[in-house]
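One structure below.
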Amino acid sequence: MNEAILYQMRGSVALITINRPESRNAINRAVREGLTAAWQRFETDPAARVAILTGAGGQAFCAGMDLKEASATALKVPPRGFIPTLGDSIQVSKPTIAAVNGLAVAGGWLFAQMCDLCVAAEHATFAITEARVGRGTPWAAPLIHMLPQRIMMELLLTGEPMSAARLQQLGYVNHVVGAAQLLPRSLELAERIAANAPLTVRAARALVYAATESGRSQALRTGDQLFEPVYLSEDAQEGPRAFAEKRPPVWRGR
């Protein structure tokens with residue numbers, strides 16, 4: 001981590017903050033390197049069960065690539081892994097939540113998209129603006145599983161922003177809340193997930209992504225493979241036992 005990325009633990013929840021509010025949390029080298037380190041720390045820390053990604057200040061979640069830096073370096077085709085992207089150049093097995101506190105533009109949209117869940121402030125807006133500056137959007141391919149085709153086409157071709165409320169109607173945003181409630185609501189959601197059996201949570205997350213890449217029959221077989229170790233775990237016995245004994249379960253993650 002560095003000053004551009006803040007990493008805090010809130011119980012079993014890792015809070016990762018892009019900390020460049022003076023630049024609308026644009027993605028420069030320090031942000032890229034800091035996020036890579038933050039995601040690696042989250043994945044390897046057994047005490048961290050869920051991560052929340054947000055931006056500093058109330059204006060922007062992330063305004064995308066720092067175009068001043070891109071201009072100064074004459075950036076052409078970004079190499080794979082140039083921007084730390086969950087599910088592509090960065091692999092994590094635990095749930096992540098985007099807490100979108102303002103503008104989520106271009107790479108900022110990518111950061112919201114790559115997280116498993118999205119909570120947005122009422123004033124938040126989302127846009128894919130690369131067409132306006134002549135850049136590319138190969139990262140947007142998974143969006144076809146998250147939005148209707150014609151909505152995706154409109155966003156990519158026009159570069160026009162879309163409100164958090166509209167994206168909630170379309171199923172892209174999970175919850176829209178007042179700005180003051182953004183972090184509390186995100187933490188509440190994270191804590192609910194963190195309280196559940198960790199092996200089941202990880203397998204369920206993996207199942208959702210596997211199902212987007214295969215047909216029905218293959219997805220069912222993949223589900224069998226993902227959940228067999230869960231059924232054979234100590235936690236799978238602890239859950240029913242705790243229910244029978246009328247007490248909270250004590251998860252071991254094994």
Order of 231, 7 - criterion: other Cβ atoms within 10 Å of each residue's Cβ, fewest first: 231, 7
Overall dimensions of region 1-89 as given by Cα atoms, namely Rg and Dmax in Å: 13.5, 43
Principal-axis tilt of helix 182-194 within the chain, Cα atoms, nearest 10 degrees: 30 degrees
At R0 = 22 Å, FRET efficiency that the Cβ-Cβ distance of residue 188 and residue 242 yields, to 0.05: 0.45
DSSP bridge pairs, region 5-194: antiparallel proportion in percent, nearest 5: 25 percent
Cβ-based net charge around residue 20, under 11 Å, with every Lys or Arg adding one and every Asp or Glu removing one: -2
Using distinct alpha-carbon pairs, which all enter the 1/r mean, Kirkwood radius of the chain in Å: 19.2 Å
Charge tally in the Cβ shell below 11 Å around residue 32, where Lys, Arg are +1 and Asp, Glu are -1, residue 32 excluded: -2
Formal net charge of residues neighbouring residue 73 (Cβ-Cβ distance under 11 Å; K, R +1; D, E -1): +1
Range of Cα positions in region 30-155 per principal axis (Å), largest first: 43, 34, 29
Cα-based shape type of region 135-243, given that a ≥ b ≥ c are square roots of the gyration tensor eigenvalues and the cut on a/c is 1.5: oblate
Helix-derived mean residue ellipticity, 222 nm - over the chain, DSSP H n ≥ 4, -39500 (n - 2.57), to 500: -12500 deg cm²/dmol
Residue 73 versus residue 151: modelled label distance in nm, points set 7 Å from Cα along the beta carbon direction: 3.3 nm
Gyration tensor (alpha-carbon) shape descriptor, region 186-254, a/c threshold 1.5: oblate
Cα centre as origin, Lys/Arg/Asp/Glu Cβ charges: the chain dipole, Debye: 60 debye
Cα centroid separation - region 1-63 against region 131-192, whole Å: 19 Å
Sequence-separation-based contact order of the chain, relative, with Cα cut under 8 Å and 6+ spacing, percent: 15 percent
Degrees separating the helix 216-231 axis from the principal Cα axis of the chain, which is the longest one: 60 degrees
Cα→Cβ-extended label distance, 7 Å offset, between residue 89 and residue 45, nm: 2.3 nm
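FYI, it's all coordinate maths here, none of it is from the lab. What you see is a predicted model, and the numbers here were worked out from it, not measured in a lab. Positions of Cβ are generated from backbone atoms using ideal geometry, with glycine treated the same way; all protein chains shown enter the neighbour counts.
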